[in-house]
Amino acid sequence: MCSMPTYNLGNGVTMQGIGLGTWQCSDEEVRAAVLEALRVGYRHIDTAWMYMCEKGVGQGIMDWVEEGGDRKDLFVVTKLPTNANRAKDVERLLDKQLTNLGLDYIDLYLIHGPIGMVNTGDDLEMFSKDEEGFFNYDYETDLISLWSEMEKMVENGKAKTIGVSNFNEAQIERILNVCKIRPANNQVEIHAYFSNKGIVEYCKSKGITVCAYAPLGSPKRGFGPKNTNILEDPVIIELSKTYNKSPGQILLRHLLQRGIIVIPKSGNPARIKENFCILDFELQPEDFEMIEKLDKNHRSFDLSIPGIPVKKQHPEYPF
């Protein structure tokens, strides 16, 4: 039995290598999923304002606490939405998120993306259109002043640690050059068809942990490259037979062995347990390399929104 990988983020915070993702869940669905995950043994829960299910996540946590669980044992991640990518909006949004979650602090608070969207006055309107029907970008996004305000969330105790998501090397480097508190984590798309090795290696070289969203390729996402269901890849199917594990367990185990944190999403109790039970085997080097060779550079999440055209690309577009 392998032990759960853990990563020291500083400030007395430890991040577990396996977490529960909550994208594409309703409040009701996610409440049940979070409670089930915590009963199974998960202690790392990932959510975001953009997912519009923070209240359900908080209710699931409260249900577990009422069963005897201790909030101090949990590692909760949420994210600043891109329509709040201005320094003046950070604490205001975080306060709303803490209220939604029913928590006093967040263990890891991430900037969800480097691109700013115009805030229309409705924080729930995250992807608005301009007068011509194009993506309503805020072209004056200032990542340095934004990061400075994120640091204040640690200083005032509302966040234990802070980090980024969907940032590239140059953007992180600019922050590292001026920051008081270093980014603890970068959450990016990584899976067998998109190894994203450049940013992974860069972050590791800077002592920044890496978390993979869509670690199973997000087959139900509804957009992105077609015919890219990694779970049905012949190599993965064959390895699942060899190890007597599901295709998903093979894919998640591969990422753990790359030193990457994973946050698979599921609302199915059996799948929630299955995704967590990947510590009782290890891929042999030759099998690990077989999965490494599956990389197709297939990015599914390019930060575009289907149905909203872009007139002029944002200066902080990371890809």
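Would you confirm whether any residue within the stretch 134-147 is more than 20 Å from Asn166 (Cβ to Cβ), at pLDDT 95 or above and hydroxyl-bearing (Ser, Thr, Tyr)?
no
Before we move on, is Phe276 over 16 Å from His191 (Cα atoms), open to solvent by less than 70 Å² (accessible area, probe 1.4 Å) and aromatic (Phe, Trp, Tyr)?
Details: over 16 Å from His191 (Cα atoms): yes; open to solvent by less than 70 Å² (accessible area, probe 1.4 Å): yes; aromatic (Phe, Trp, Tyr): yes.
Criteria met by Phe276.
Suppose we filter the stretch 16-37 for residues that are touching a helix residue (DSSP H, G or I) at 6+ places or on another chain (Cβ under 7 Å) and open to solvent by less than 10 Å² (accessible area, probe 1.4 Å); how many remain?
The total comes to 8.
Select from the stretch 1-57 the residues that are in contact (Cβ under 8 Å) with a residue 60 or more places away in the chain, part of a loop (DSSP other than H, G, I, E, B) and of a type in the set (S, T, N, Q) and list them in ascending order.
Ser3, Asn11, Thr22, Gln24
Is it the case, given these coordinates, that Glu316 is surrounded by fewer than 17 Cβ atoms within 10 Å (Cβ to Cβ) and of a type in the set (Asp, Glu)? So that I can check it myself, show each step before the final result.
Details: surrounded by fewer than 17 Cβ atoms within 10 Å (Cβ to Cβ): no; of a type in the set (Asp, Glu): yes.
The answer is no for Glu316.
Check whether at least one residue in the stretch 79-93 is of a type in the set (S, T, N, Q), under 24 Å from Cys53 (Cα atoms) and assigned to a strand (DSSP E or B), and report yes or no. Give the derivation first.
In the first step, residues of the stretch 79-93 are kept if they are of a type in the set (S, T, N, Q); the result is 82-83, 85.
After this cut, where a residue has to be under 24 Å from Cys53 (Cα atoms) as well, the list is 82-83, 85.
Restricting the remaining residues to those that are assigned to a strand (DSSP E or B) gives none.
No, there is no match, as no residue in the stretch 79-93 is of a type in the set (S, T, N, Q), under 24 Å from Cys53 (Cα atoms) and assigned to a strand (DSSP E or B).
For (1) of a type outside the set (Asp, Glu); (2) over 21 Å from the mean Cα position of the chain (by Cα), each residue gets a yes or a no:
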{"site": "Ser246", "(1), (2)": "yes, yes"}
{"site": "Gln249", "(1), (2)": "yes, no"}
{"site": "Arg253", "(1), (2)": "yes, no"}
{"site": "Ile263", "(1), (2)": "yes, no"}
{"site": "Ile278", "(1), (2)": "yes, no"}
{"site": "Gln284", "(1), (2)": "yes, yes"}
{"site": "Asp287", "(1), (2)": "no, yes"}
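What number of residues within the stretch 136-147 satisfy the criterion of being open to solvent by 50 Å² or more (accessible area, probe 1.4 Å) and within 22 Å of Asn186 (Cβ to Cβ)? Walk me through how you get there before you give the answer.
Kept after step one, since they are open to solvent by 50 Å² or more (accessible area, probe 1.4 Å), are these residues of the stretch 136-147: 139-140, 142, 144.
Now narrow it down to the ones that are within 22 Å of Asn186 (Cβ to Cβ): 142, 144.
Going through the stretch 136-147 one residue at a time, the tally reaches 2.
If you check Val34 against the conditions, is it within 17 Å of the chain's Cα centre (by Cα), of a type in the set (A, V, I, L, M, F, W, C) and over 19 Å from Thr161 (Cα atoms)? Spell out the reasoning first.
Working: within 17 Å of the chain's Cα centre (by Cα): yes; of a type in the set (A, V, I, L, M, F, W, C): yes; over 19 Å from Thr161 (Cα atoms): yes.
Taking the combined requirement at face value, the residue satisfies it.
How many residues does the stretch 101-135 contain that are touching a Phe, Trp or Tyr at 6+ places or on another chain (Cβ under 9 Å) and either within 28 Å of Tyr7 (Cα to Cα) or open to solvent by less than 30 Å² (accessible area, probe 1.4 Å) (or both)?
Residues of the stretch 101-135 that are touching a Phe, Trp or Tyr at 6+ places or on another chain (Cβ under 9 Å), as a first pass: 107-108, 111-118, 123-124, 126-130, 135.
Checking which are either within 28 Å of Tyr7 (Cα to Cα) or open to solvent by less than 30 Å² (accessible area, probe 1.4 Å) (or both) leaves us with 107-108, 111-117, 123, 126, 128, 135.
Total satisfying the criteria: 13.
Considering (1) in a loop (DSSP other than H, G, I, E, B); (2) over 23 Å from Leu124 (Cβ atoms), say which one Leu103 fails and leave the rest.
Leu103 satisfies every listed condition except (2).
The values are calculated or read from the model by the stated rules, or taken from the named source; none is laboratory data. Remember, predicted model here, so these are calculated numbers, not experimental data. Here the Cβ is made from the backbone with ideal geometry for all residues, glycine too, and neighbour counts use every protein chain on show. To get the accessible areas, we keep the full protein, side chains included, count just its heavy atoms, and leave off ligands, DNA and RNA. Shrake-Rupley method; radii C 1.70, N 1.55, O 1.52, S 1.80 Å.
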